[in-house]
């Protein structure tokens with residue numbers, strides 16, 4: 001976002017000044033509105049994975065037992081974090097592109113009454129799969145009210161509905177490089193009051209990622225350690241811009257881009273990876289005989305357009321196109337046109353303009 005880039009180019013502030021204090025407090029208030037929470041939002045100098053690790057190490061101990069939803073590479077990251085820190089866990093392992101249902105999650109909780117937390121992705125970015133967080137949270141709170149709900153919403157925030165307080169989500173995580181259109185380096189966590197109580201009772205909290213300590217300090221406009229000052233200056237600018245657009249409008253634009261992209265790709269013979277497609281990113285298998293690797297290389301080398309490939313078992317098999325951050329519907333039409341051109345150069349048989357016609361028809365519904 002150009003406005004944020006300009007803001008970050010200004011002379012750096014000292015983080016123990018009144019000017020920075022007001023900046024941090026305003027940014028925190030803006031994040032509370034974006035996350036739809038009245039509870040603490042902690043800003044960390046880390047990637048989203050750092051916030052995931054902070055959630056695990058502050059909330060859970062070896063006396064706890066977590067239920068981990070593994071619907072792709074980032075669900076597997078929850079499991080790896082539990083393994084690393086000696087947290088017992090049980091996993092629900094889904095096929096690529098499949099989302100876990102509220103019924104599956106509650107069945108797993110029923111089988112082990114000692115489980116204290118569910119760790120899940122709002123959007124499993126590796127497969128472009130969305131979880132129905134509202135229904136999942138509703139069922140968990142109805143049947144297992146003692147269980148904490150921890151959500152990796154790094155790509156889900158501002159791309160799909162997410163109500164931290166209304167749905168009773170205890171910890172919700174996001175990062176600066178996704179919908180906030182900033183460079184990587186900041187992560188954010190919401191902390192419900194009951195999550196914070198449990199965190200405060202942790203007898204061996206982390207030193208740097210001490211969420212109770214950070215929450216206390218940040219309520220006063222300070223951080224426990226040196227913050228990523230320039231990124232927070234950019235965050236202040238981009239959160240103002242998001243709130244100025246309106247959260248409903250930002251969500252609607254992401255949804256429109258995702259729908260148009262899905263229709264456009266399918267018109268070219270692509271197959272969606274997910275049966276529960278997300279708005280943050282579209283993941284698709286190319287038509288038969290088309291290499292996803294070659295297509296990605298041609299898009300970047302010939303036209304300067306960067307798309308993502310697959311991860312884990314989907315590596316070199318799929319393409320992924322993002323719909324969050326500093327993108328709009330015109331970018332969708334540009335990317336689809338570029339894909340058509342590259343497919344033609346690769347010898348694929350397609351109907352010229354078919355993806356654009358499908359995408360435009362979808363966009364015209366709004």
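The values are calculated or read from the model by the stated rules, or taken from the named source; none is laboratory data. Small disclaimer: the values here were computed from a predicted structure and weren't measured. Glycine also receives a Cβ, built like all others from the backbone with ideal geometry; neighbour counts cover every protein chain displayed.
Yes or no: residue 189 modelled with pLDDT of 95 or more, within 19 Å of residue 153 (Cα to Cα) and not in a helix (DSSP H, G or I)? Against the criterion (modelled with pLDDT of 95 or more, within 19 Å of residue 153 (Cα to Cα) and not in a helix (DSSP H, G or I)), residue 189 qualifies. Somewhere in the stretch 158-170, is a residue buried (at least 24 other Cβ atoms within 10 Å of the Cβ), touching a strand residue (DSSP E or B) at 6+ places or on another chain (Cβ under 8 Å) and not in a loop (DSSP other than H, G, I, E, B)? The answer is no; no qualifying residue exists.
Filtering 37, 49 for residues that are out of contact with any helix residue (DSSP H, G or I) (no Cβ under 6 Å at 6 or more places or on another chain) and surrounded by fewer than 18 Cβ atoms within 10 Å (Cβ to Cβ) leaves a single hit, 49. For the stretch 271-285, does any single residue satisfy the condition of being in a helix (DSSP H, G or I) and modelled with pLDDT of 95 or more? Checked the stretch 271-285: no residue is in a helix (DSSP H, G or I) and modelled with pLDDT of 95 or more.
Within the stretch 92-102, can one find any residue that is outside any helix (DSSP H, G or I), at negative phi, out of contact with any helix residue (DSSP H, G or I) (no Cβ under 9 Å at 6 or more places or on another chain) and surrounded by 17 or more Cβ atoms within 10 Å (Cβ to Cβ)?
So far as the stretch 92-102 goes, yes, one or more of its residues are outside any helix (DSSP H, G or I), at negative phi, out of contact with any helix residue (DSSP H, G or I) (no Cβ under 9 Å at 6 or more places or on another chain) and surrounded by 17 or more Cβ atoms within 10 Å (Cβ to Cβ).
For the stretch 83-90, check the following and say yes or no: at least one residue is modelled with pLDDT under 95, in a helix (DSSP H, G or I) and either surrounded by fewer than 20 Cβ atoms within 10 Å (Cβ to Cβ) or within 15 Å of the chain's Cα centre (by Cα) (or both). No, because not a single residue in the stretch 83-90 is modelled with pLDDT under 95, in a helix (DSSP H, G or I) and either surrounded by fewer than 20 Cβ atoms within 10 Å (Cβ to Cβ) or within 15 Å of the chain's Cα centre (by Cα) (or both). For the stretch 171-197, the tally of residues that are within 13 Å of residue 55 (Cα to Cα) and crowded, with 24+ Cβ neighbours inside 10 Å stands at 10. Restricting attention to the stretch 238-259, does a residue exist that is over 17 Å from residue 179 (Cβ atoms) and in a helix (DSSP H, G or I)? The answer is yes, given that some residue of the stretch 238-259 is over 17 Å from residue 179 (Cβ atoms) and in a helix (DSSP H, G or I). Scanning the stretch 250-295 for residues that are free of Cβ contacts under 8 Å to residues at least 40 places away in the same chain, surrounded by fewer than 20 Cβ atoms within 10 Å (Cβ to Cβ) and touching a strand residue (DSSP E or B) at 6+ places or on another chain (Cβ under 9 Å) yields 271, 285, 293.
Scanning the stretch 12-21 for residues that are within 14 Å of residue 223 (Cβ to Cβ) and surrounded by fewer than 19 Cβ atoms within 10 Å (Cβ to Cβ) yields a count of 5. Scanning the stretch 308-328 for residues that are over 17 Å from the mean Cα position of the chain (by Cα), touching a residue at least 60 places away in the same chain (Cβ under 8 Å) and surrounded by fewer than 18 Cβ atoms within 10 Å (Cβ to Cβ) yields 312, 313, 328.
Hey, does the stretch 113-125 have a residue that's surrounded by fewer than 17 Cβ atoms within 10 Å (Cβ to Cβ), modelled with pLDDT under 95 and either within 14 Å of the chain's Cα centre (by Cα) or not assigned by TED's automatic domain parsing to the domain that holds residue 322 (or both)? Yes, the conditions are met somewhere in the stretch 113-125. Scanning the stretch 296-309 for residues that are part of a helix (DSSP H, G or I) and in contact with a helix residue (DSSP H, G or I) (Cβ under 6 Å, 6 or more places away or on another chain) returns 298, 299, 303.
Going by the conditions given, is residue 192 in contact (Cβ under 8 Å) with a residue 24 or more places away in the chain, in the same structural domain as residue 43 (by TED's automatic domain parsing) and more than 16 Å from residue 46 (Cβ to Cβ)?
Spelling it out, residue 192 is indeed in contact (Cβ under 8 Å) with a residue 24 or more places away in the chain, in the same structural domain as residue 43 (by TED's automatic domain parsing) and more than 16 Å from residue 46 (Cβ to Cβ).
Looking across the stretch 33-72, the residues that are outside any helix (DSSP H, G or I) and within 20 Å of residue 218 (Cβ to Cβ) come down to 36, 37, 38, 39, 40, 41, 42, 43, 44, 45, 46, 47. Restricting attention to the stretch 218-230, the residues that are buried (at least 20 other Cβ atoms within 10 Å of the Cβ) and in a helix (DSSP H, G or I) add up to 1.
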